[in-house]
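Enquirer: Please see the structure below; I have some questions.
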Amino acid sequence: MYLFVYGSLRYGFELNHLVSKSRFIGLGYIEGYEMYDLGNYPGIIKGDGIVWGEVYEIDEKLIKLLDEVEDYKGSPDDLYVREKTRVYFDQKRKYYLDNVYFYRYNREIANDMEKIEDGDYSAWSGMPIIVNYFAYAENTNEKILRQRGVDIMLSEIPAYMKGYRLIFNVPCKYGYCANLLEDENGIICGYLQKVFLHTLNSLDKAEQHLIKYIREVVKVYDRNGKEYFAYAYVSSHKDDREKPSEEYLKMIREGLMRGWGNECVSTGLYDEPGIS
């Protein structure tokens, strides 16, 4: 089962330790709700806005514990009500999960309670925001990541995408850099990295975000086939495929080898790519 958390259970807040060991699916948002500051924590009620939060995979034991923490007993006068909703992970609403649990505030909103307009409690509180990032090309190489200012990574696991292949058509200092092209039988190998949002802001400069690449949400899988939603840098330009330099290919191969070994090879990187 999945849980959407938007307040004191999010990263950096006092109750995050309750979910921090659970599998982080990604940063997402729900529609049709508004957020208010209730003092030391937020509450959301039905409305016309959106609310941002983190999605985790949890089990029955944890949901029972969280029911106690949120004072949910299934009574009409509970402080919070546990409900299910759809969570979106991208602005185009391409990626989403249904039947995700969340806790809705079950009291009247007082006149002196401040509305949090953007629905993002972490941003409003000045706390760091965590996201998933999928590195599939030269950013799989730790040396390149350090050069680009990525000095803090909360976690990293091998991960892969389905339905794409590598092409090389984006001019860069290495000649031509990697891009993704839809391919029904293709597989892209890389790493799922849990990072701070401001880490991606620093990568934007290296990737020339909005000039050469666009930061898009993609669906990736771990070795066990579990799905995640992560940001990746993709160019909308799909024509004029070029031959990449050997130096550039070497960086990608070294990056993939450190976690994947020979287990996963991106379609388009070698002659006979695939996942073993």
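The values are calculated or read from the model by the stated rules, or taken from the named source; none is laboratory data. No experiment lies behind these values; they were computed from the predicted model shown. In this analysis, Cβ positions are derived from the backbone assuming ideal geometry, glycine residues included, and neighbour counts consider all displayed protein chains. Areas reflect the complete protein model, heavy atoms only, side chains present, ligands, DNA and RNA absent. Shrake-Rupley method; radii C 1.70, N 1.55, O 1.52, S 1.80 Å.
Enquirer: Given the condition in the same structural domain as Gly190 (by the TED database), out of contact with any Cys (no Cβ under 6 Å at 6 or more places or on another chain) and open to solvent by 40 Å² or more (accessible area, probe 1.4 Å), answer yes or no: does some residue in region 106-113 qualify?
Expert: no
Enquirer: Same structure, new question: Which fully enclosed strands (runs of 3 or more DSSP E) of region 82-194 have 2 or more residues being within 26 Å of Thr267 (Cβ to Cβ)? Show your work before the answer.
Expert: Details: elements: 96-105, 130-135, 155-172.
Filter on region 82-194 gives 130-135, 155-172.
Enquirer: For residues in region 195-253 being part of a loop (DSSP other than H, G, I, E, B) and polar (S, T, N, Q), which is surrounded by the most Cβ atoms within 10 Å (Cβ to Cβ)? It would help to see each step written out before you state the result.
Expert: First, the residues of region 195-253 that are part of a loop (DSSP other than H, G, I, E, B): 208, 210-212, 222-226, 235-245.
In the following step, the residues that additionally are polar (S, T, N, Q) were identified as 208, 224, 235-236, 245.
Numbers: Gln208: 15, Asn224: 7, Ser235: 20, Ser236: 9, Ser245: 15.
Filtering region 195-253 for residues that are part of a loop (DSSP other than H, G, I, E, B) and polar (S, T, N, Q), the one surrounded by the most Cβ atoms within 10 Å (Cβ to Cβ) comes out as Ser235.
Enquirer: While we're on this one: Can you tell me which condition Tyr136 does not meet? The list is (1) in contact with a Phe, Trp or Tyr (Cβ under 7 Å, 6 or more places away or on another chain); (2) more than 16 Å from Leu27 (Cβ to Cβ); (3) among the hydroxyl-bearing types (Ser, Thr, Tyr), and all the others hold.
Expert: Exception for Tyr136: condition (1).
Enquirer: Right, something else. From Ala110, Ala159, Ala123, grab the single residue that is under 19 Å from Gly259 (Cβ atoms) and among the small types (Gly, Ala, Ser).
Expert: Numbers: Ala110 fails: under 19 Å from Gly259 (Cβ atoms); Ala123 fails: under 19 Å from Gly259 (Cβ atoms).
The match here is Ala159.
Enquirer: Now for a different question. Please indicate, with yes or no, whether at least one residue in region 230-249 is over 20 Å from Tyr95 (Cα atoms), within 22 Å of the chain's Cα centre (by Cα) and in contact (Cβ under 8 Å) with a residue 12 or more places away in the chain. Full working, then the answer.
Expert: Within region 230-249, the subset over 20 Å from Tyr95 (Cα atoms) is 237-249.
Within this subset, residues satisfying the condition of being within 22 Å of the chain's Cα centre (by Cα) are none.
Within region 230-249 (the criterion being over 20 Å from Tyr95 (Cα atoms), within 22 Å of the chain's Cα centre (by Cα) and in contact (Cβ under 8 Å) with a residue 12 or more places away in the chain), the answer is no, since none of the residues qualifies.
Enquirer: Among the residues of region 61-89 satisfying the criterion of being open to solvent by 40 Å² or more (accessible area, probe 1.4 Å) and in contact (Cβ under 8 Å) with a residue 40 or more places away in the chain, which is nearest to Glu14 (Cα to Cα)?
Expert: Ranking the candidates gives Val69 first.
Enquirer: Take region 1-55 and flag every residue that is aliphatic (A, V, I, L, M), part of a strand (DSSP E or B), open to solvent by less than 20 Å² (accessible area, probe 1.4 Å) and touching a helix residue (DSSP H, G or I) at 6+ places or on another chain (Cβ under 9 Å).
Expert: So the first thing to find is which residues in region 1-55 are aliphatic (A, V, I, L, M), and the list is 1, 3, 5, 9, 15, 18-19, 25, 27, 30, 35, 38, 44-45, 50-51, 55.
Imposing the further condition that a residue be part of a strand (DSSP E or B) reduces the set to 3, 5, 25, 27, 30, 35, 44-45, 50-51, 55.
Still in the list and also open to solvent by less than 20 Å² (accessible area, probe 1.4 Å): 3, 5, 25, 30, 35, 44, 51, 55.
The answer is Leu3, Val5, Met35, Val51.
Enquirer: State which residue is surrounded by the fewest Cβ atoms within 10 Å (Cβ to Cβ) when the search covers only region 90-104 and only residues that are over 24 Å from Ile63 (Cβ atoms) and of a type in the set (D, E, K, R). Break it down stepwise before answering.
Expert: Let us first name the residues in region 90-104 that are over 24 Å from Ile63 (Cβ atoms), namely 90-94.
Checking which are of a type in the set (D, E, K, R) leaves us with 90, 92-94.
Details: Asp90: 17, Lys92: 9, Arg93: 11, Lys94: 13.
My answer is Lys92.
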